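The values are calculated or read from the model by the stated rules, or taken from the named source; none is laboratory data. This is a predicted model, so every value here is computed, not measured. In this analysis, Cβ positions are derived from the backbone assuming ideal geometry, glycine residues included, and neighbour counts consider all displayed protein chains.
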Amino acid sequence: MFPPDKPADFTAKLPAELTTGEPRAVGFYVELQNHAEKTAGPSNAAWVAAGAAPPGVTGLRVETRAAGVVLHWETAAPLTGMALRIHRELEPGAGTAKPVAKPDLGNGVPPPDVQVLEVDLDKGDPGQALDRDAPLDHVWKYSAERVVRLEIEKHALEIAGPASEKVMIDAKDVFPPAVPAGLAAVADAEARAVDLSWTPDTDADLAGYAVYRRDTMAGGAMERISGSALVVGPSFGDVKVVAGRRYVYAVTAVDADGNESARSGEVEEGLPQ
């Protein structure tokens, strides 16, 4: 019995005969009684599916990739209507988690604290999935269970298997952006400079570029000539050139975490005397 005018909840443990065998629908009702134990009858039915549950998820593990977080688990035989339901939770204040999302995700809006993803398993169990929606540089906690979606007596129901153990990952961004392409160099005799341009990098968390140069006559290794600050746009003017000398140039891309790409293809240019 529950007191009137107050929210109430109740957990019913299914008997053993309803946790095995073929799926079937089970209805639950609420009945209100007055002080004289009179009732207007049962409420509408709330239907659930009973029967054998799909196998639990075992061997859940996660790893970070440039495209997101990859989940791995031990496969199971496919069942009609079966899906893997993945639960992702943000673990605030842990590891390298940042208070705000990286600028490439949601225009600076923090990611949701909790999100549920699903992978269809009715035609096969791939044993892995890529969570592209998990921003890097955050700490995430994952768990998963298999569910079977059913239609029983015109009711859309599902049976869930036991949840996996929770696993946590500090998804650090250690992946450099793409190597810049299309580097070109043009001598500007009037400005006594070599103008460089390249195709803009499309990495969402790009912070800028670094420009490198080698004097072909002096030899030696490439040196960074763009300074400690990053070049914001896909162009740079090298004004520290000497007429009659030839220079080899290359460019790298740098993301918001300071990860630097490999150098672009080299181009050679110089000012005529």
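Put simply, of K166, K154, K123 the only residue that is basic (K, R), free of Cβ contacts under 8 Å to residues at least 12 places away in the same chain and exposed (fewer than 14 other Cβ atoms within 10 Å of the Cβ) is K154.
Scanning the stretch 218-273 for residues that are over 18 Å from P180 (Cβ atoms), in contact with a Gly (Cβ under 9 Å, 6 or more places away or on another chain) and part of a loop (DSSP other than H, G, I, E, B) yields V241, V242, A243, G244, R245, L271, P272, Q273. The criterion of at least 1 residues that are in the same structural domain as K141 (by TED's automatic domain parsing) and surrounded by 12 or more Cβ atoms within 10 Å (Cβ to Cβ) is met, among strands (runs of 3 or more DSSP E) falling completely within the stretch 40-81, by 61-65, 68-72.
Looking only at the stretch 223-243, residues that are of a type in the set (S, T, N, Q) and touching a Phe, Trp or Tyr at 6+ places or on another chain (Cβ under 9 Å) come to 2 in all.
Figure legend. Inter-residue proximity from the stretch 248-264: first residues polar (S, T, N, Q), second residues assigned to a loop (DSSP other than H, G, I, E, B) and surrounded by fewer than 22 Cβ atoms within 10 Å (Cβ to Cβ), beta-carbon distance below 6 Å, spacing 6+ or different chains. Indicated pairs: T252/S261; T252/R263; N259/P176; S261/P176; S261/V179; S264/V179; S264/L183. Take the conditions free of Cβ contacts under 8 Å to residues at least 40 places away in the same chain, under 29 Å from R263 (Cα atoms) and outside the structural domain of R263 (by TED's automatic domain parsing) and apply them to P177. Does it pass? So P177 does not fit the description; no. Note on the stretch 140-151: residues that are surrounded by fewer than 19 Cβ atoms within 10 Å (Cβ to Cβ) and under 14 Å from M168 (Cα atoms) amount to 2.
Taking residues in the stretch 6-21 that are among the small types (G, A, S), and partners anywhere that are in a loop (DSSP other than H, G, I, E, B), the pairs with Cβ atoms closer than 7 Å and at least 6 places apart or on different chains are A8/F2; G21/G51; G21/A52.
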